[in-house]
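Colleague: Right, I'll just put the structure down here and ask away after.
Readers should treat all values here as calculations from the given coordinates under stated rules, not as data from a laboratory. All values derive from a computational prediction rather than experimental measurement. Every residue, glycine as well, gets a Cβ built from its backbone with ideal geometry; the counts of neighbours run over all protein chains shown.
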Amino acid sequence: MSESDSNNALEITIAKWSDRFFAWLIDFLIITIISTLIMFTFFGKIDFEINDKWLWTETTQYMQTSIIFFAYWTILEYKTGQSIGKKILNVKVTNLYGKQADLKGVIISSFGKTFLIPIDVVLGVIFTNEKRQRIFNKIGDTVVIKIKKNEKSDANIKYKKD
């Protein structure tokens, strides 16, 4: 690679694990609140007692919450590259070239983060590479990048009336 090629190379800033964790935590809190409100609306109360209906209630809440998480991440990250947590922390899901990730990649990444997050993160950290990918990011060919200030908004756009 010549010096001129290296000067023209696309530079992508990979998001720190801590930014990704805090974005996930923000999303987790938002979806947990929404899920709890939905459960309260349908069942009239939130019952933490262990009785003959406990297992059914817990399983129902887990399944419903997981589906909400999966839909939330898949829709937002496919449409905008960002969940609310990612938007707050200025990080974004992209393909390996910094462009919008395809639907398949977002679905794979969302699946790992929704249903297998402990395994996905632990194996991702153990087998990490320079792209800081979780296992399901690797499978889906996605990365989480830090958004530069000039990419974040349309502040550089000037509007003119005719």
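Colleague: When only Cα pairs under 8 Å and 6 or more residues apart are kept, what is the percent relative contact order across segment 59-103?
Modeller: This gives 28 percent for segment 59-103.
Colleague: For segment 126-142, take each phi angle, set θ = phi - 60°, evaluate the Karplus expression 6.51 cos²θ - 1.76 cosθ + 1.60, and give the result in whole Hz per residue in order, putting x for glycine and proline.
Modeller: Going residue by residue, I get 4, 9, 4, 10, 5, 9, 6, 8, 6, 4, 6, 5, 4, 5, x, 6, 10 Hz, with x marking Gly and Pro.
Colleague: Applying the Karplus parametrisation 6.51 cos²θ - 1.76 cosθ + 1.60 with θ = phi - 60° to the phi angles of segment 98-108, what ³J(HN,Hα) value in whole Hz is obtained for each residue in order, glycine and proline being reported as x?
Modeller: After applying 6.51 cos²θ - 1.76 cosθ + 1.60, I find x, 9, 4, 6, 7, 4, 4, x, 5, 4, 4 Hz.
Colleague: Using a simple charge model, +1 on the beta-carbon of Lys and Arg, -1 on the beta-carbon of Asp and Glu, nothing else, what dipole does segment 69-157 show about its Cα centre, in debye to the nearest 20? List each step's numbers first, then the result.
Modeller: Numbers: 15 positive and 7 negative charges, 47 e Å.
Roughly 220 debye for segment 69-157.
Colleague: Additional query: Taking the highest mean first, how do the peptides 15-26, 73-84, 117-128 order by number of other beta carbon atoms within 10 angstrom per residue?
Modeller: Values: 15-26: 16.4, 73-84: 18.8, 117-128: 13.9.
Packing proxy ranking, top to bottom: 73-84, 15-26, 117-128.
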